[in-house]
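The values are calculated or read from the model by the stated rules, or taken from the named source; none is laboratory data. Everything quoted here is computed from the prediction, not taken from an experiment. Glycine gets a Cβ as well: all are built from the backbone with ideal geometry, and neighbour counts include every protein chain shown.
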Amino acid sequence: MADIRIFSYLPNPRVFKSTVTARLNGVSIELVGAKPAELADWLWDFDARPLTDEDRSDKAQIKTAKTGFSGQLHKTNAFLKAHPYGTVPAAFSSDGSTGIFESNSIMRAVARLGVDDSKLYGTNAVEASRIDSFLDTALLFARDSQIYLLAIGDRSITETVQEEMLAASRKYLEGIEQALKTSRFIAGGDLTIADICFVCELSLFSRERAAFRVLEKISCQPLWPVLEAEYTNCFQHFATLIENPAVKQDLGPYLDQVEEDVQARLQD
């Protein structure tokens, strides 16, 4: 039996925070899900699965979709009890009795469940709190990144939204840039979940590289090259992390697809 079960749209770099962590510290994860457009045809539950005719007829399970989805979704009462915000990724304890939501919190749970000598969550309470400081700062970047990428996806992007994304990116990356001037990894001398969060969030944000045609319509360009030039330590660290075998197993195919999308847009 898996230590943690996760239900999400896939592929999802925010879920990869947990799968990478699990790979490094010996935790067993069961990952269930499908492409974002397909999740409307799934029952959202601990035993998440494609909808049956019986599921579709159960009106009590029909809920209005939230951020990132549209129309109606099918969620059980047990799912909403475990996940009061009703969002994905949604993690569960091995018996399904306890829900864990938000990707950083799911990653923290995986780090806590793993072997102590991995050092992924530090070696004491103070080190863990320093790691938490970077994770909390990442939440602000992640929020604005989601707004930005969704706006690109539905073609509602504006110059103001991009300016807000640039400001959020600089706020997040400035601290990491400074930290990397004096340490090999973000929170100190060892690889931790602060690094794993960083590489996964930046990988998700890298999708905007393929959006230059959309951005051109509002007289803008992708932010990635601008940030890459400003925060050299950050992007060198990113390049190093994605070559880590535990990271590359998940993010390698994802970033390869981003690159394919970039090249396809160049041919448009």
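Determine whether Glu208 is in contact with a Leu (Cβ under 7 Å, 6 or more places away or on another chain), buried (at least 19 other Cβ atoms within 10 Å of the Cβ) and of a type in the set (D, E, K, R).
yes
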Which is surrounded by 15 or more Cβ atoms within 10 Å (Cβ to Cβ), in the same structural domain as Leu241 (by TED's automatic domain parsing), of a type in the set (Gly, Ala, Ser) and without any contact (Cβ under 8 Å) to a residue 60 or more places away in the chain, of Ala138, Ala179?
Ala179
State all residues of the range 4-35 that are of a type in the set (S, T, N, Q) and not in a helix (DSSP H, G or I); if no residue qualifies, say none.
Ser8, Asn12, Ser28
Do you know which residues across the range 1-30 are farther than 26 Å from Gly122 by Cβ and aliphatic (A, V, I, L, M)?
Met1, Leu10
Name the residue that is surrounded by the most Cβ atoms within 10 Å (Cβ to Cβ), counting only residues in the range 182-205 that are touching a strand residue (DSSP E or B) at 6+ places or on another chain (Cβ under 9 Å) and within 15 Å of Cys234 (Cα to Cα).
Ile196
Condition check: out of contact with any Cys (no Cβ under 9 Å at 6 or more places or on another chain) and crowded, with 19+ Cβ neighbours inside 10 Å. Does Val27 satisfy that?
yes
Looking at Tyr148, Tyr121, which is the one that is closer than 23 Å to Thr19 by Cβ, aromatic (Phe, Trp, Tyr) and either surrounded by 15 or more Cβ atoms within 10 Å (Cβ to Cβ) or outside the structural domain of Glu216 (by TED's automatic domain parsing) (or both)?
Tyr121
